1. With a 1.4 Å probe and all protein chains kept in place, how much accessible area does Trp239 have, in Å² rounded to the nearest 10?
2. What order do Phe161, Phe155 take when sorted by accessible area (1.4 Å probe), most exposed first?
3. What's the FRET efficiency of Ile153 with Leu233 using the Cβ-Cβ distance as r and R₀ = 22 Å, to the nearest 0.05?
4. Could you report the range 172-302's accessible area per residue, 1.4 Å probe, as an integer in Å²?
5. Test of understanding: express the Cα radius of gyration of the range 227-274 as a ratio to 2.2 N^0.38 Å, with N the residue count.
6. Can you work out the FRET efficiency for the pair Val286 and Phe176, with r the C-beta to C-beta distance and R0 = 30 Å, to the nearest 0.05?
7. Sorting Phe132, Phe25 by accessible area (1.4 Å probe), largest first, what list results?
8. Grab the beta carbon distance between Arg205 and Tyr248, set R0 = 30 Å, and tell me the FRET efficiency rounded to 0.05.
Amino acid sequence: MRTFRSIARYQEANPAVYTVVTFPFLFAVMFGDWGHGICLLLGALVLIARESRLSTQACARTYHDYLLEWLSEALTLTQQLSERGNQNGIDKLGSFMEMLFGGRYVLLLMSLFSIYCGLIYNEFFSVPFHIFGGSAYKCRDATCSDAHSAGLIKFRDPYPFGVDPSWRGSRSELPFLNSLKMKMSILLGVAQMNLGIILSYFNARFFHSSLDIRYQFVPQMIFLNSLFGYLSLLIIIKWCIGSQADLYHVMIYMFLSPTDDLGENELFWGQRPLQIVLLLLALVAVPWMLFPKPFILKKLHSE
């Protein structure tokens, strides 16, 4: 998978080591359904159980070869899985099956993470279940005939693990779940981007490239965390204190009107001056990141 974009240079920190875990997990964050995860797990276990037999039918190819062949065969759907050869009496796997077989252990991790995230989302083929006990909400009175749409009140501790099944079918289901998944995706994405930038620092230090540290690593960290790191901090604070602040408004007016009063969108004391400082740092980081390094490299090359 890593060869789709680039291949690490000799002695560089290889991001494939981290991708082995982060790719299946981020897939599960999007896929998140423990019913579908079980189906994917069964498919992965079949490939692993028949590993010795299927390995004799698989050719040693790179993922580039898989991608190119799969795209070419997609133009003629009738040939996608029907092309089979015979070499020394052994049938070859189709290109699509060969790609699945090559990634059988990645599929296993994807299925396990999908089951885990599906339990958090409380989705079994998009149907919620009371797996970890009853809901924390109940109907307000006897006139409330539909406890999934109106009249719900909280009467005990929160659901112990994952999303409370009462959210399914409620009027606020989409705003709640979309907000949860979007904010969680932001946190995971910012964490992964920080990991990539930190790896670039270790690469630069290993190759004794102070130029990359000063004009690449430092401004990238400042720019990323001045904006998106700050947004991640706001998300966590909002979750912790249960605020109704509109983070869209906060981030938009951080650029349009940074000196305006935040009003009810203020999450902590000193937030407005902090936003001004972070905005200035982000503005400084852009030319710092783009201009010095090319000119310095040009000067060193000319010398």
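1. The accessible area of Trp239 comes to roughly 120 Å².
2. On the way: Phe161 70, Phe155 95 Å².
Heavy-atom accessible area, descending, gives Phe155, Phe161.
3. Details: r = 32 Å, r/R0 = 1.47.
Efficiency, rounded to the nearest 0.05: 0.10.
4. Numbers: 8020 Å² over 131 residues.
Result: 61 Å² per residue.
5. Values: Rg = 9.9 Å, N = 48, 2.2 N^0.38 = 9.6 Å.
For the range 227-274, the normalised Cα radius of gyration is 1.03.
6. On the way: r = 36 Å, r/R0 = 1.20.
FRET efficiency, Val286 to Phe176: 0.25.
7. Details: Phe132 80, Phe25 55 Å².
Descending order: Phe132, Phe25.
8. Working: r = 38 Å, r/R0 = 1.28.
Approximately 0.20, to the nearest 0.05.
The values are calculated or read from the model by the stated rules, or taken from the named source; none is laboratory data. Not measured: the values here are computed from a predicted model. Note that each Cβ is placed from the backbone with ideal geometry, even for glycine, and that neighbours are counted across all protein chains shown. The protein model used for the area step is the full one, side chains on, heavy atoms only, and it has no ligands, DNA or RNA in it. Shrake-Rupley method; radii C 1.70, N 1.55, O 1.52, S 1.80 Å.
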